[in-house]
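J.: Got a structure here, written out as structure tokens. Questions coming.
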Protein chains: 2
Amino acid sequence: MVTIADVARHAGVAASTVSYVLSGKRTISTDTRERVQRSVHALGYRPNASARALASQRSNVLALVIPLRTGMHVPVMMQFATAVVTTARRFDHDVLLLTADEGPDGLERVAQSSLVDALVVMDVELHDERVPVLRELPMPSVLIGYPDDADGLTCIDLDFVAAGAHCVDHLADLGHRSLALLGTPSAVYERQTGFAQRTLTGFVEAAERRGVLGVETPCEHTFDAILHTVEQLLSDHPDITGLVVQNEPIIGPLLDVLRRLGRRVPEDMSLVAICADDVAERQVPQLSSVSIPAERIGDQAVESLITKLEGGDVPGLTLVPPTLTARGSTCPHVDLTTA
Amino acid sequence: MVTIADVARHAGVAASTVSYVLSGKRTISTDTRERVQRSVHALGYRPNASARALASQRSNVLALVIPLRTGMHVPVMMQFATAVVTTARRFDHDVLLLTADEGPDGLERVAQSSLVDALVVMDVELHDERVPVLRELPMPSVLIGYPDDADGLTCIDLDFVAAGAHCVDHLADLGHRSLALLGTPSAVYERQTGFAQRTLTGFVEAAERRGVLGVETPCEHTFDAILHTVEQLLSDHPDITGLVVQNEPIIGPLLDVLRRLGRRVPEDMSLVAICADDVAERQVPQLSSVSIPAERIGDQAVESLITKLEGGDVPGLTLVPPTLTARGSTCPHVDLTTA
DNA sequence: GTGAAAGCGCTAACAT
DNA sequence: ATGTTAGCGCTTTCAC
């Protein structure tokens, strides 16, 4: 292994000079700088990460805590993780992957041991036991999603309230008067994950504001559950012509179910999904949807973290505005009673 | 920050004694050990990771290199990553996440700087430019998938040749005489990713061995492409009654296409998929499938790596045997010409 | 503009 | 069974 001392010797300078050439924290004469750079190249020198971290009190590593439960929003999570890594690299940082099942202790472990300089925590629940830990940690963190009490934290999330409302507005604009939200499995609501709750809030409020019927039901992932849920829904509320779906894995089967029940999309039933764009585009017909801008959120999270590491200020809560893309699964409602 | 010196002072011993209590590399009297452990607890001591790494020449971090292109086998990759992290933690290691777009340089960077002790590289192609780099790196690595020239490397993969053959055997056993393999998009074959090629090999060889027709076609992900591909296939080979699908995202739409073409599954067309179990189980009918044991492969990869780190020997190539689960999408072929 | 030297917090010989 | 000490390779004062 080639060390900084080897480079210094090769270039005929002191080790500290090599260090300063590399960090740029001191003005160096063009002559020495080039000589050092040549030596660095010639010897193939790579600074030792641990030595650097030990001396500088900075590991240049960020922790990314991802939920372990699979099946939730897997493709979105991947996009997100990819964005975090890519952006971290832009700022010369690496990413340590933690699964949420290590719990609060895991955060403490990597933080207290100075393995990482800062943390990105995904899938934050309304009453998340990691939140108090994060507050006490001697390093910055950014949460994706936000807890009930977000005081003193930095949180970034899609504005799910607005997302729910957008779906209602889109359908109401098209003349639909009776809408239903087909949500995540009830376990997700019970876990009090913020996003499901907040979408529901936006949906209900917007329905009220627009004066349309807005009913809501959770939905499990099995085909039978979907079939039963939809049948029940349509028998309880036969007037429903607009469906909002926030439950990525059921989207495919749901289209089957509607077909099987004799409801054409969009002629008999308009459908808006809250899901990744590529999922929406893969369906037949392509779905009108509010997409999850995972990449944008990931970028934002890392940028905020870097800002905080450099002593800068960032907003406590950043809500990324949702955008709705109209595709083939929604169309104007034809009111048969007045037509 | 509380250091090992603080703990030593608190317990009235030398710093090295604290170190040895923590590592267990020396026999310590019960008395001192307990005293030290109490001090560790009392002060909330956490060894500094960089200092430890610098002194011991071991970071206790593994690199996990995941493909950046999304949409391929995202859920499988997630399972895999999760398994790697979980198993790494069992061996007291952490996982640094790298995206494949850093290329060979990325591997060199984290290895040469001693950021990591070893690497797991996913999605290895037949002629992978990272392979020569890995060979020269001063640390162990494990590849998921395997390149053309696997000499001196440690590779783990599902036995895709056997997977392709299993599908043929299953269908041939049910009396089907004309089979087709609906493969990945042609770009995947062109990239020379091993798994697609090898499945094809197993499929073709088994078809020959069993004396049945075995044709093959790549398939893109759009609905129109699927429709067109299947129509073409059935018009070229009207006798086909058995389909093997290795292309996870098209599975849902494919069932639609068959329905639209008036082929019932399994009565008119038996279908075997090579995909994750949960995907197979979510379809209607549930699909007979060869699953990708991502968790098992991830475990295996980390275990091999740890063995190598400890100086142990591991096989150059580990092929995980595939298992076929028969579900509702395959049934015996009724030969109308002889019946 | 550059060098010398003192740590950063830990591990692992080398002592006893 | 435990203590002493010399690094690990780098950053960053302090000194000139």
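The values are calculated or read from the model by the stated rules, or taken from the named source; none is laboratory data. As the structure is a computational prediction, the values presented were derived from the model and not from experiment. Here Cβ is always computed from backbone atoms with ideal geometry, including for glycine, and neighbour counts include all displayed protein chains.
J.: Working only within segment B:196-211, note down all residues that are under 24 Å from the mean Cα position of the chain (by Cα) and farther than 17 Å from residue B:321 by Cβ.
T.: Once the filter is applied, which keeps residues that are under 24 Å from the mean Cα position of the chain (by Cα) and farther than 17 Å from residue B:321 by Cβ, segment B:196-211 yields B:196, B:197, B:200, B:204.
J.: With respect to residue B:62, is the statement that it is away from DNA strand C (no atom under 16 Å from the Cβ) and facing chain A (nearest Cβ under 9 Å) true?
T.: Spelling it out, it is not the case that residue B:62 is away from DNA strand C (no atom under 16 Å from the Cβ) and facing chain A (nearest Cβ under 9 Å).
J.: Inside segment B:78-88, can you point out the residues that are more than 7 Å from every other protein chain (Cβ to nearest Cβ) and either over 23 Å from residue B:251 (Cβ atoms) or surrounded by fewer than 22 Cβ atoms within 10 Å (Cβ to Cβ) (or both)?
T.: Across segment B:78-88, the qualifying residues are B:83, B:84, B:87, B:88.
J.: Moving on to the next point. Residues of segment B:254-301 being in a helix (DSSP H, G or I), closer than 16 Å to residue B:328 by Cβ, out of contact with any His (no Cβ under 9 Å at 6 or more places or on another chain) and not acidic (Asp, Glu), which ones?
T.: Answer for segment B:254-301, where residues must be in a helix (DSSP H, G or I), closer than 16 Å to residue B:328 by Cβ, out of contact with any His (no Cβ under 9 Å at 6 or more places or on another chain) and not acidic (Asp, Glu): B:254, B:255, B:258, B:259, B:279, B:280.
J.: Same structure again: Quick check: anything in segment A:249-271 modelled with pLDDT of 95 or more, of a type in the set (A, V, I, L, M, F, W, C) and crowded, with 20+ Cβ neighbours inside 10 Å?
T.: yes
J.: Conditions: (1) under 19 Å from residue B:77 (Cβ atoms); (2) modelled with pLDDT under 95. Residue B:298 meets all but one. Number of the miss?
T.: Looking at each condition in turn, residue B:298 falls short on (2).
J.: From the list B:9, B:38, B:26, B:33, exactly one residue is surrounded by fewer than 14 Cβ atoms within 10 Å (Cβ to Cβ), of a type in the set (D, E, K, R), more than 9 Å from DNA strand C (Cβ to nearest atom) and over 30 Å from residue B:249 (Cα atoms). Which is it?
T.: B:38
J.: Just to be sure before I move on: is residue A:62 under 22 Å from residue A:308 (Cβ atoms), free of Cβ contacts under 8 Å to residues at least 40 places away in the same chain and crowded, with 18+ Cβ neighbours inside 10 Å in the structure I sent?
T.: no
J.: Filter segment A:1-17 down to residues that are touching a residue at least 24 places away in the same chain (Cβ under 8 Å), more than 6 Å from DNA strand D (Cβ to nearest atom) and out of contact with any Ser or Thr (no Cβ under 8 Å at 6 or more places or on another chain) and give me whichever is nearest to residue A:48 (Cα to Cα).
T.: The extreme case among them is A:2.
J.: Right, next: So residue B:120 fits all but one of (1) within 14 Å of chain A (Cβ to nearest Cβ); (2) without any contact (Cβ under 8 Å) to a residue 60 or more places away in the chain; what number is the exception?
T.: Of everything listed in (1) within 14 Å of chain A (Cβ to nearest Cβ); (2) without any contact (Cβ under 8 Å) to a residue 60 or more places away in the chain, residue B:120 misses just condition (2).
J.: Restricting attention to segment A:95-111, and to residues there that are facing another protein chain (nearest Cβ under 9 Å) and acidic (Asp, Glu), which single residue is nearest to residue A:137 (Cα to Cα)?
T.: A:108
J.: Condition test on residue B:130, is it within 16 Å of DNA strand D (Cβ to nearest atom), in the same structural domain as residue B:142 (by TED's automatic domain parsing) and over 30 Å from residue B:16 (Cα atoms)?
T.: Against the criterion (within 16 Å of DNA strand D (Cβ to nearest atom), in the same structural domain as residue B:142 (by TED's automatic domain parsing) and over 30 Å from residue B:16 (Cα atoms)), residue B:130 does not qualify.
J.: Given B:47, B:75, which one is in contact (Cβ under 8 Å) with a residue 60 or more places away in the chain and within 11 Å of another protein chain (Cβ to nearest Cβ)?
T.: Answer to the selection: B:75.
J.: While we're looking at this one, here's another question. Given the condition closer than 30 Å to residue B:206 by Cβ and either free of Cβ contacts under 8 Å to residues at least 60 places away in the same chain or in a helix (DSSP H, G or I) (or both), answer yes or no: does some residue in segment B:82-104 qualify?
T.: Checking segment B:82-104: at least one residue is closer than 30 Å to residue B:206 by Cβ and either free of Cβ contacts under 8 Å to residues at least 60 places away in the same chain or in a helix (DSSP H, G or I) (or both).
J.: Pick out, from segment B:1-57, the helices (runs of 4 or more DSSP H) lying fully within it that include 3 or more residues that are closer than 23 Å to residue A:61 by Cβ.
T.: The qualifying helices (runs of 4 or more DSSP H) are B:49-56.
J.: What's the total number of residues in segment B:317-339 that are modelled with pLDDT of 95 or more, among the small types (Gly, Ala, Ser) and surrounded by fewer than 17 Cβ atoms within 10 Å (Cβ to Cβ)?
T.: Within segment B:317-339, residues that are modelled with pLDDT of 95 or more, among the small types (Gly, Ala, Ser) and surrounded by fewer than 17 Cβ atoms within 10 Å (Cβ to Cβ) number 1.
J.: So residue B:53 fits all but one of (1) near DNA strand D (Cβ under 10 Å from one of its atoms); (2) within 28 Å of residue B:111 (Cα to Cα); (3) free of Cβ contacts under 8 Å to residues at least 40 places away in the same chain; what number is the exception?
T.: (3)
J.: Oh, and also: Does residue B:311 fit the bill of being more than 14 Å from chain A (Cβ to nearest Cβ) and without any contact (Cβ under 8 Å) to a residue 24 or more places away in the chain?
T.: Criteria met by residue B:311.
J.: Oh, and also: Identify, from the list B:170, B:237, B:176, the residue that is in contact with a His (Cβ under 6 Å, 6 or more places away or on another chain), modelled with pLDDT of 90 or more and not assigned by TED's automatic domain parsing to the domain that holds residue B:131.
T.: After applying the criteria, what remains is B:176.
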